[in-house]
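Here is the structure we will look at, set down as structure tokens.
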Amino acid sequence: DQQVKQNSPSLSVQEGRISILNCDYTNSMFDYFLWYKKYPAEGPTFLISISSIKDKNEDGRFTVFLNKSAKHLSLHIVPSQPGDSAVYFCAASEGNNAGNMLTFGGGTRLMVKP
Amino acid sequence: EPEVTQTPSHQVTQMGQEVILRCVPISNHLYFYWYRQILGQKVEFLVSFYNNEISEKSEIFDDQFSVERPDGSNFTLKIRSTKLEDSAMYFCASRPGQGHSPLHFGNGTRLTVT
């Protein structure tokens with residue numbers, strides 16, 4: 001079951017440049033999308049989210065873009081910093097129900113080089 | 001900032017033994033979750049819990065698993081008879097209320113079944 005896919009297992013960028021992480025989904029019922037960051041030995045930490053009624057949400061250095069027709073979302077980090085080095089997961093949920101379970105992608109390991 | 005806490009951080013058990021993983025969700029949150037991540041694999045949903053009952057569960061959450069909120073603060077996951085394939089990181093998460101809101105995760109319990 002690959003409802004949420006992150007096709008790039010890793011990404012390396014130079015400090016100060018833009019990092020772009022991508023995510024594709026197949027379930028057209030998903031209406032809420034999130035990005036989480038995970039350091040080793042820690043749980044996922046919420047970064048930013050977007051509802052399907054929007055196509056962009058920005059929070060400081062982080063911007064999430066949603067293209068519903070392509071079933072694609074991306075996370076832009078600019079400028080990238082060495083502390084951003086972590087595994088990034090996209091996640092999606094379906095409907096406004098009590099369960100609100102998240103379906104996660106497989107993650108992309110971002111390495112920001114000083 | 002309030003956080004989800006999980007104990008123990010690492011649990012080693014023998015196959016066939018029962019384990020209880022403990023979580024203290026954020027105090028004003030109403031929805032509680034368990035997820036797991038087998039090494040090298042995706043973060044997978046196990047179960048969601050609201051109003052003292054399970055609201056959703058995945059195929060992974062079979063009769064060997066149970067959850068309980070024994071008091072006003074703890075949320076536990078019990079595995080009755082552990083198998084080798086239960087070895088994973090188990091993450092507890094909570095969120096405040098209905099509607100779209102991000103899940104807040106604990107740092108996980110690493111379960112090793114030998």
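The values are calculated or read from the model by the stated rules, or taken from the named source; none is laboratory data. Here the structure is a predicted model, which means the values were calculated and not measured. FYI the Cβ positions are ideal-geometry reconstructions off the backbone, even for glycines, and counts take in every protein chain you see. Note: areas computed on protein heavy atoms with side chains; ligands, DNA, RNA excluded. Shrake-Rupley method; radii C 1.70, N 1.55, O 1.52, S 1.80 Å.
Add +1 for every Lys or Arg and -1 for every Asp or Glu among the other residues with Cβ under 15 Å from the Cβ of A:Gly107, and state the total. Before the final figure, lay out each step's value.
Details: positive: A:Lys5, A:Lys37, A:Lys38, A:Arg109, B:Arg36, B:Lys42; negative: A:Asp24, A:Glu42, A:Asp84, B:Glu44.
So the surrounding residues net to +2.
Taking all protein chains in place and a 1.4 Å probe, what share, in percent, of the accessible surface of the stretch B:4-114 do carbon and sulfur account for?
On the way: 2400 of 5300 Å².
On the stretch B:4-114, the fraction of accessible area on carbon and sulfur atoms equals 45 percent.
In the stretch A:40-114, what is the count of Lys pairs whose alpha carbons are under 18 Å apart, counting only pairs at least 8 residues apart or on separate chains?
Details: A:Lys54/A:Lys68; A:Lys54/A:Lys71; A:Lys56/A:Lys68; A:Lys56/A:Lys71.
Final tally of qualifying lysine pairs is 4.
Count charges around B:Gly99 for me, please; just the other residues with Cβ under 14 Å from its Cβ, Lys/Arg as +1, Asp/Glu as -1. Mind dumping the intermediate values first?
On the way: positive: B:Arg95; negative: A:Asp31, A:Glu94.
Residues near B:Gly99 contribute -1 overall.
Show me the GluC sites (Glu not before Pro) within the stretch B:20-62 that DSSP assigns to loop and that have at most 11 other Cβ atoms within 10 Å of their Cβ.
Working: sites: B:Glu44, B:Glu53, B:Glu56, B:Glu59; in loops: B:Glu59.
Filter output for the stretch B:20-62: B:Glu59.
For a quick check of your reading of the filter: which trypsin sites (Lys or Arg not before Pro) in the stretch A:1-50 sit in a DSSP loop and have no more than 14 other Cβ atoms within 10 Å?
Details: sites: A:Lys5, A:Arg17, A:Lys37, A:Lys38; in loops: A:Arg17.
Hits after loop and neighbour filter: A:Arg17.
How far apart, in nm, are two points set 7 Å out from the Cα along the Cα-to-Cβ line at A:Met29 and at B:Glu3?
3.5 nm
How many square angstrom of accessible surface are buried between A and B, both sides summed, with a 1.4 Å probe and rounding to 100? Mind dumping the intermediate values first?
Details: alone 6300 and 6710 Å², together 11050 Å².
Protein heavy atoms only, the A-B interface buries about 2000 Å².
State the answer as a single residue: which of B:Val113, B:Ser55, B:Gly72 lies farthest towards the positive end of the charge dipole of chain B, with beta carbon charges of +1 for Lys and Arg and -1 for Asp and Glu, about the Cα centre.
Value: B:Val113.
Around A:Leu47, under 11 Å between beta carbons, what's the net of Lys plus Arg minus Asp minus Glu among the other residues? Before the final figure, lay out the partial values.
Working: positive: A:Lys37, A:Lys38, A:Arg61; negative: A:Asp59, A:Asp84.
Residues near A:Leu47 contribute +1 overall.
Do any residues of the stretch B:84-114 lose at least 40 Å² of accessible area when the full set of protein chains is present rather than just their chain alone, and if so which, with a 1.4 Å probe?
Buried-area filter returns B:His100, B:Pro102, B:Leu103, B:Phe105, B:Asn107.
What FRET efficiency do you get for B:Arg69 and A:Val78 if R0 is 41 Å and r is their Cβ-Cβ distance, rounded to the nearest 0.05? If you can, show how the numbers build up before the last one.
Values: r = 42 Å, r/R0 = 1.03.
So the FRET efficiency works out to roughly 0.45.
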